[in-house]
1. What number of residues within the range 173-188 satisfy the criterion of being modelled with pLDDT under 90 and among the aromatic types (Phe, Trp, Tyr)?
2. Step by step: first the residues of the range 262-277, then only those that are assigned to a loop (DSSP other than H, G, I, E, B) and not small (Gly, Ala, Ser), then the one that is surrounded by the most Cβ atoms within 10 Å (Cβ to Cβ). Which residue is that?
3. Looking at Ala410, Ala436, can you tell me which residue is in contact with a strand residue (DSSP E or B) (Cβ under 8 Å, 6 or more places away or on another chain), under 19 Å from His374 (Cβ atoms) and assigned by TED's automatic domain parsing to the domain that holds Pro232?
4. Among the residues of the range 315-326, is any more than 11 Å from the ligand (Cβ to nearest atom), at pLDDT below 95 and either in a strand (DSSP E or B) or of a type in the set (Ser, Thr, Tyr) (or both)?
5. Looking at Ser332, is it in a loop (DSSP other than H, G, I, E, B), within 16 Å of the ligand (Cβ to nearest atom) and touching a helix residue (DSSP H, G or I) at 6+ places or on another chain (Cβ under 9 Å)?
6. When you scan the range 374-397, how many residues do you find that are of a type outside the set (Val, Ile, Thr), part of a helix (DSSP H, G or I) and touching a strand residue (DSSP E or B) at 6+ places or on another chain (Cβ under 7 Å)?
7. Can you name the residue in the range 358-371 that is buried (at least 24 other Cβ atoms within 10 Å of the Cβ) and not in a helix (DSSP H, G or I) and, of all such residues, is nearest to the chain's Cα centre (by Cα)?
8. Does at least one position in the range 380-388 carry a residue that is in contact with a Lys or Arg (Cβ under 8 Å, 6 or more places away or on another chain), of a type in the set (Lys, Arg) and more than 26 Å from Lys179 (Cβ to Cβ)?
Amino acid sequence: MNCKAFWFVFLVVILTAGCAPAPLTPAALPVTPTAPATATQTPTAAPPVEATPTFLPETHLSLPSPTPLPSEPRNAPTTWDGAWTNLDPSNFMAQTFRAVSSAIRSVEVNVFAGKGGGDTLTLTILDASRNVLAETSAPVGAEGIDGWLRFEFSEPVPVRPGEEYLLRLRGSKVWVNWKLSGDLYPQGSAIVLGEPSSFEDFIFKVNAAAGEDSNPLTEAAYEQLPAIPPQPGTLDEMIARCPTAEEIAAIDRDIELIFEGGNTGELVCKASEGSADLTAFQKSAYQALLAMKMLTFTRPLPWTDRPLYDWFVSTAKGIRFRDDISQGSCCSPARVINIPSGSFARLSPRETWRWADPRSGWGLVQGNVNLFVHEARHIEKGPHTCGNLDKSLSEMNAYGVTYSLQLWMAYFLSNPAILTAQEPYAEYYRDLALGAAESLRTLAFCETPPPFVP
Ligand SMILES: [Zn+2]
């Protein structure tokens, strides 16, 4: 029951549902540490004043400035601040550019993927009317990748200097991710899910000559978590501390969490400090269930009369966390959902210790909540009904429930204050849910439902 998820970065909406967690899970560098951050606080302490992940340099707190534009079209900044999107096969992810020379011999894109995936990426050059001019592919091996991937065309692709073209990149899985920057390439823009995004560009190079040297692309450091702790009673406050031993025991009585993966790396919570010995991923798994307990609503969910958490633990009898899968699935074994847990080296502090990082629009706890709900619904309803999509909202299949959950969070929370974000503004997480809902509404159903009216 593989399905897709759609991924936006920066302040764009994120479609947090879907059984494709690679999208929900930034991939790891094979050579980088697996635990995103250190935190040694007690369960009741303020959020960790976060160590900058050791795999990042400690400079560059702001967006990189553009490198001078060379003659050929390119967006090749020397630093990268961590924004990316996954390359789901059916998502239209592209970059527009204006041709400089009259032929294109090769194209490079800057991508990353964790160890163990592997895929073949397809790069297509299209004209402004989106007619295909040329297409070629390049492999990403199971060892993963972090850097430039070159696509050579056997014959030069003729183009008209000054005219606009598109580079579309897609994978056959959701394992590889294309890095984005801010709006650094003035002659074009990123196209995310088919729509131009005026404030960001994919990182790419179009080469007229057969081969060119690629500059190295280093990462900008993630910003520290703010020193001011989240407001009491919020999801953020819960995520900013470790789950207590009592909370963990209560969850363990309700559902079996099987950490076949996600169980290596640094411990961010410790039994000796009143929690349990948990990696960042394990912490997020328990916190996703705690978040589901907090998500209560003023009107029943459209697929169950029970509270979200009660429905979930009565539907799924276990969760297998596995490093060897890149997409979620259900029912192996029966009534046990399978959730990918590998490849978390790239998480920013906010993705680990907040509901969402405003820079990516994503967080590990949030991602797990949506994935748990989506996969659990597969237990009740079976596979998707229109290829990778659901036929209609009214079926209330796996996408129907993830879509509805976003709306219920935006409109019908018993205590809307739990969604308060400390930054960039208080309503940010609500806007994120609304944006995710709109993406799901327009992309997850073969029969697009009308806009929701609360
Ligand atoms: Zn699914």
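The values are calculated or read from the model by the stated rules, or taken from the named source; none is laboratory data. Please read these numbers as outputs of a predicted model, since none were measured by experiment. So basically every Cβ, Gly included, is an ideal-geometry build from the backbone, and we count neighbours across all protein chains shown.
1. 2
2. Ranking the qualifying residues of the range 262-277, first place goes to Lys270.
3. Ala436
4. Taking every residue of the range 315-326 in turn, at least one turns out to be more than 11 Å from the ligand (Cβ to nearest atom), at pLDDT below 95 and either in a strand (DSSP E or B) or of a type in the set (Ser, Thr, Tyr) (or both).
5. No.
6. Going through the range 374-397 one residue at a time, the tally reaches 4.
7. Trp362
8. As a first pass, look at the range 380-388 and keep what is in contact with a Lys or Arg (Cβ under 8 Å, 6 or more places away or on another chain): 385, 388.
Keeping just the survivors that are of a type in the set (Lys, Arg) gives none.
No; the residues of the range 380-388 include none that is in contact with a Lys or Arg (Cβ under 8 Å, 6 or more places away or on another chain), of a type in the set (Lys, Arg) and more than 26 Å from Lys179 (Cβ to Cβ).
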